[in-house]
Amino acid sequence: MSFFKKIKQGLGIGTAKASLSVSESLSKNAEEIKGQVKIAAKSDQSVKSIKICLQKVSNVTVGEEQQRRVEVIESLILSDAFEIKQDEEKTIDFVMPLPFNKPNAASVNVKGWTVSFGASNPLEIDVFSSSSTWVEVMATVDLEGVAIDPTSTQRLTIF
């Protein structure tokens, strides 16, 4: 491999493209989200894993500066490694359980404080009425020997 091809490969240029497909809306009572990640190879690649994240994204003002904050709500790693050849496309289906309505696994009273262990609801659904906060699904395809892995995101409407 030539020097420039190695540099391009390391930066993720000309390696592969990821496309995420999930429903654009999701009920706050949903127990799972189903979708697909399509990988289109521009050159021969080794896929180590695919990570799917449900995340809450907020634009916040800190002083005079706008910052983006991302909070991972739930994640799923598809760790079956595989090879993909140049100009080949593969579609990977996934189902990710959602934390919206999981009950707490256990609660204990310690010196007047209630301490909960296990699943909790990290989403405050009311917050999504703001245009500065939203929920999205992100897929990241972890390629071997690549510093910048291909990603794809899709916003969700929670109802």
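The values are calculated or read from the model by the stated rules, or taken from the named source; none is laboratory data. What you see is a predicted model; the values in this text were computed from it and never measured. Virtual Cβ from ideal backbone geometry, glycine too; neighbours counted across all protein chains shown. Surface areas here come from the heavy atoms of the whole protein model, side chains and all, with no ligands, DNA or RNA. Shrake-Rupley method; radii C 1.70, N 1.55, O 1.52, S 1.80 Å.
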Local net charge near V70, Cβ-Cβ under 15 Å (Lys/Arg +1, Asp/Glu -1): +2
Virtual spin-label span in nm between K85 and A147, 7 Å along Cα→Cβ: 3.1 nm
Share of carbon and sulfur in the accessible heavy-atom surface of the stretch 31-88 [1.4 Å probe, %]: 40 percent
Listed pairs K56/K90; K48/K90; K51/K90 exceeding 21 Å between Cα atoms: K56/K90
Around E136: net Lys/Arg minus Asp/Glu count, Cβ-Cβ under 10 Å: +2
